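The values are calculated or read from the model by the stated rules, or taken from the named source; none is laboratory data. Only a predicted model underlies this, so the values are computations on that prediction, with no experimental measurement involved. Using ideal geometry, Cβ is built from the backbone for each residue, glycine included, and neighbour counts are taken over all protein chains shown. Quick note on the areas: whole protein, heavy atoms, side chains included, nothing else; ligands and nucleic acids left out. Shrake-Rupley method; radii C 1.70, N 1.55, O 1.52, S 1.80 Å.
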Amino acid sequence: MPPVYSQTQLLIIGGGPGGYVAALRAAQLGIQTTLIEGAQLGGTCLNIGCIPSKALIHAADAYAQAAEQAQGRSVLGIRSGEITLDLATTLAWKAGIVSKLTTGVAALLKKHGVQLIQAWAEIVDGKTVEIRTAASDQAPQRIQCAHLLLAAGSQELALPSLPFGAGQGRVVSSTEALSFAEVPRELVVVGAGYIGLELGTAWRKLGAQVTVVEAQDCILPAYDAELVRPVAQSLARLGIKTLLSHRVEGLNADGTALSVRDPQGQLVELSADKILVAVGRRPRIEGWGLERLMLDMAGRAVKVDAHCRTSMKDVWAIGDLVGEPLLAHRAMAQGEMVAELIAGKKRRFEPVSIPAVCFTDPEIVLAGHTPASAQALAAAQGFKLLQAQFPFAANGRALSLESPEGFVRVLARADNHLILGWQAVGAAVSELAAAFGLSLEMGARLEDVAHTIHAHPTLGEAVQEACLRALGQALHV
Ligand code: FAD
Ligand code: NAD
């Protein structure tokens, strides 16, 4: 049967944070837009990523706090009776948040006049996409477009020795680990990165025995040791076992345990009723005809320039598909920019910083240069670096939140005091990402932040004090 053709100006493949934000902005700018989503609107982030994971972490924190009170360990003097966990209700509450957000996205798309097609898209060429339908008696539908935006996201990485589903469903990805029907008795997590530590900590707080196996010699290997130390201490305090420099060999003979090799080469068996493999994600480049475009690639990612243009005219790519950093806010910012470029505006994707937050206990936030990258820049450009940090142990708000551990660190040029980067570790520091990002994008100097009146008592005062300290004027340390 010959295909049936229709036309649109902008065709977007993938309704995750990159794709749906691009669609909304394009429609606002008067561009005729069609969005194709094969699974659920909202993509990884809203359905099986950022949102459900943070909801689970919140529920786990609430449960752990109640357990502390019930066991008479609350320093606040709050005591309560026996506690129970109705996990089905917890998961239903989490699903409710996801559903509110995804139906909200659908409503926004409708309001803006975006045509939404719920189907899998197959690329035919740089101007044509075919919609896959299950019905064999229907003519294939093809959509032709002036601009094609690729926003197909990423997929979890599997370990060849530990495929998902092995051990009669023992080996799982983050998707299953967001919705275990019951709290695993023994959970082994492979990978001490974002997902492994966020979800490992949540399930520990909900009652599982948790062991984290990491190939490198530290947790969160991308971050500096001082920043990560409070998290490592908290893992130990929570009773999470961390096995560093261990190599995964696979399941044991009867499939009930994970075999790992310790740094001395000894084989160790870790019994587990669930094994979460969280060793990274990779761009989704297979199975939807992307190879037909023969685009330039950067490893497994689609290569783009500072406008998110691919190597083919009027074919754009954004989000996880274009590689690191795999963060929702980066995907959204790129989506918005591409829509504006197509509408004829002048834009470039050159942010001073893309903040990153790790929702561990305590949280970690980074924006701009790290100590290592700032040192490299200083050496290359021949300037001296100022680095200062302010401990939360000297911040009244942190103490009143029972969270004295952690600090805020600022990096700046010694010659003109331009702020180059921020890092913080501590309870609720994710919310400092806004102040960090803004100061970097506005080109703030240490004095700008140091002389801004910060409300008392807030964690933000540690941001101000870090700058005062860099200027040799700290008041509270
Ligand atoms: P995705 O969100 O992956 O969306 C791509 C969409 O394209 C999917 O819905 C997919 O179904 C669709 N698609 C693919 N191929 C086709 C096709 N051929 N036809 C039709 N549709 C197609 N990031 C953060 O910034 N903060 C966090 O706290 C955070 N937490 C996370 C927790 C977990 C457990 C995970 C797994 C990820 C987390 N991330 C977080 C990462 C974040 O989810 C991603 O960076 C983000 O979703 C990327 O957006 P995207 O639009 O590029 O792709
Ligand atoms: P990750 O890159 O953060 O961590 C993977 C970890 O697995 C690393 O520590 C790595 O050394 C380790 N590892 C790799 N191979 C291993 C092996 N064979 N055995 C043992 N350890 C091994 O990846 P992730 O945790 O899977 O998360 C994927 C992506 O999702 C992240 O890069 C991040 O961009 C995004 N994410 C972000 C957030 C957030 O923003 N809060 C939360 C979750 C996920």
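So the values come out like this:
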item	result
The chain: calculated mean residue ellipticity at 222 nm from DSSP helix runs of at least 4, using -39500 (n - 2.57)	-10000 deg cm²/dmol
Trypsin sites (Lys or Arg not before Pro) restricted to region 348-442 and DSSP loop, no more than 11 other C-beta within 10 Å	Arg348, Lys384
Estimated inter-spin distance, Ile354 and Asp86, nm [label 7 Å along Cα→Cβ]	4.2
Under 13 Å, Cβ to Cβ, from Glu286 - net charge with Lys/Arg +1 and Asp/Glu -1	+2
Karplus-derived 3J(HN,Hα), 6.51/-1.76/1.60, for each residue of region 10-23, Hz, glycine and proline x	10, 10, 10, 9, x, x, x, x, x, x, 6, 5, 4, 5
Segment Gln138-Phe383, length gained on full extension (0.36 nm per residue, minus Cα span)	81.5 nm
Whichever aspartates and glutamates have a C-alpha closer than 13 Å to that of Lys241, once near sequence neighbours (fewer than 8 apart) are set aside	Glu186, Glu214
Proximal aspartates and glutamates relative to Lys127, as straight alpha-carbon distance under 18 Å, when same-chain residues fewer than 8 apart are discounted	Glu37, Glu291, Asp296, Asp314
Centre separation in Å (Cα based) which lies between region 271-338 and region 39-66	23
Rounded accessible area per residue of the chain, 1.4 Å, Å²	46
Of Lys303/Lys346; Lys54/Lys384; Lys100/Lys274; Lys303/Lys384, pairs whose Cα-Cα distance is over 31 Å	Lys54/Lys384; Lys303/Lys384
In region 1-106, GluC sites (Glu not before Pro) in a DSSP loop with at most 16 other beta-carbon atoms within 10 Å	Glu82
Cα-projected label distance for Leu475 with Thr452, points at 7 Å along beta-carbon direction, nm	1.6
Loop trypsin sites (Lys or Arg not before Pro), region 281-315, which have at most 14 other Cβ atoms in a 10 Å radius of their Cβ (DSSP)	Arg300, Lys313
For region 193-240 versus region 360-400, the gap between their alpha-carbon centres in whole angstrom	21
Whole-Å distance, taken between Cα centres, linking region 91-124 and region 412-428	38
Chain lengthening between Ala70 and Glu286 when straightened (0.36 nm per residue, less Cα-Cα)	72.7 nm
